[in-house]
Amino acid sequence: MFKVIQRSVGPASLSLLTFKVYASQKKDSPQKTSVKVDELSLYSVPEGQSKYVEEPRTQLEESISHLRQYCEPYTNRCQEIYCQAEPKMQSLVQWGLDSYEYLQNAPPGFFPRLGVIGFAGIIGLLLARGSKIKKLVYPPSFMGVAASLYYPQQAIVFFQVSGEKLYDWGLRGYIVIEDLWKENFQKPGNVKNSPGNK
């Protein structure tokens with residue numbers, strides 16, 4: 001084993017050495033002139049003018065062209081949807097990162113409060129057995145009551161804003177129902193100021 005290593009190390013170590021080689025010109029050899037780059041055949045410009053000729057389209061190229069023209073409205077629509085959804089997704093990702101950072105540095109007592117609010121939602125879900133409407137109403141209501149106990153100022157602001165919105169939605173619904181009632185269910189003879197009774 002030692003002999004094999006010794007024999008392989010010798011030639012390998014010689015390859016790492018550097019040598020300087022000095023060459024001298026023979027005095028009896030004739031002088032050679034150098035060749036310019038333009039004189040090489042590799043760099044010469046071909047004579048004659050070239051003309052671009054477009055090849056006829058193959059059947060595959062034609063079918064791909066028709067497919068692209070067919071799919072163009074759909075791809076444009078997808079690009080529009082992406083441009084509309086991208087800012088919303090970026091804001092959602094930013095909200096998630098902010099929430100994660102808030103939960104990492106949560107104020108003292110936050111997680112017990114969150115547990116009580118979540119437990120209130122579970123109690124509401126257990127009490128709402130049997131009815132789908134109760135399942136939609138009870139858990140958020142119980143969670144809202146528990147959250148309002150811990151955060152009363154935010155609950156007051158939330159109820160003021162949501163009360164105004166509910167009133168606005170109710171008013172709009174009333175106007176729509178009134179318009180539909182007038183168009184479909186009133187008889188022409190019962191209306192005092194109808195255009196036909198003037």
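For the reader, a short list of remarks on this structure follows.
- Members of the range 125-156 that are over 24 Å from PRO107 (Cβ atoms) and either over 36 Å from the mean Cα position of the chain (by Cα) or outside any helix (DSSP H, G or I) (or both): LEU126, LEU127, ALA128, ARG129, GLY130, SER131, LYS134
- Residues that are open to solvent by less than 100 Å² (accessible area, probe 1.4 Å) and more than 36 Å from the chain's Cα centre (by Cα) within the range 157-179 comprise GLY170, LEU171, GLY173, ILE175, VAL176, GLU178, ASP179, listed in sequence order.
- Looking across PHE142, PHE110, one residue alone is closer than 28 Å to GLN160 by Cβ, of a type outside the set (Gly, Ala, Ser) and at pLDDT 90 or above. It is PHE142.
- Test: residue in the range 66-84 that is surrounded by 11 or more Cβ atoms within 10 Å (Cβ to Cβ) and more than 30 Å from PRO152 (Cβ to Cβ): yes
- Single residue of the range 95-113 satisfying the filter (of a type outside the set (Phe, Trp, Tyr) and open to solvent by 90 Å² or more (accessible area, probe 1.4 Å)) that is nearest to SER148 (Cα to Cα): PRO108
- Flag if TYR43 is out of contact with any Lys or Arg (no Cβ under 7 Å at 6 or more places or on another chain), of a type in the set (Phe, Trp, Tyr) and modelled with pLDDT of 90 or more: no
- Against the numbered list (1) at pLDDT below 90; (2) assigned to a helix (DSSP H, G or I), ARG68 comes up short only at (1).
- Cβ-Cβ distances below 6 Å connect the following pairs, each with a first residue in the range 153-166 that is free of Cβ contacts under 8 Å to residues at least 12 places away in the same chain and small (Gly, Ala, Ser), a second residue that is part of a helix (DSSP H, G or I) and surrounded by 10 or more Cβ atoms within 10 Å (Cβ to Cβ), and a separation of six or more residues or different chains: ALA155/SER148.
The values are calculated or read from the model by the stated rules, or taken from the named source; none is laboratory data. Everything numeric in this text was worked out from a predicted model, so none of it was measured. Positions of Cβ are generated from backbone atoms using ideal geometry, with glycine treated the same way; all protein chains shown enter the neighbour counts. Note: accessible area is taken over every heavy atom of the protein model, side chains too, but ligands, DNA and RNA are not part of it. Shrake-Rupley method; radii C 1.70, N 1.55, O 1.52, S 1.80 Å.
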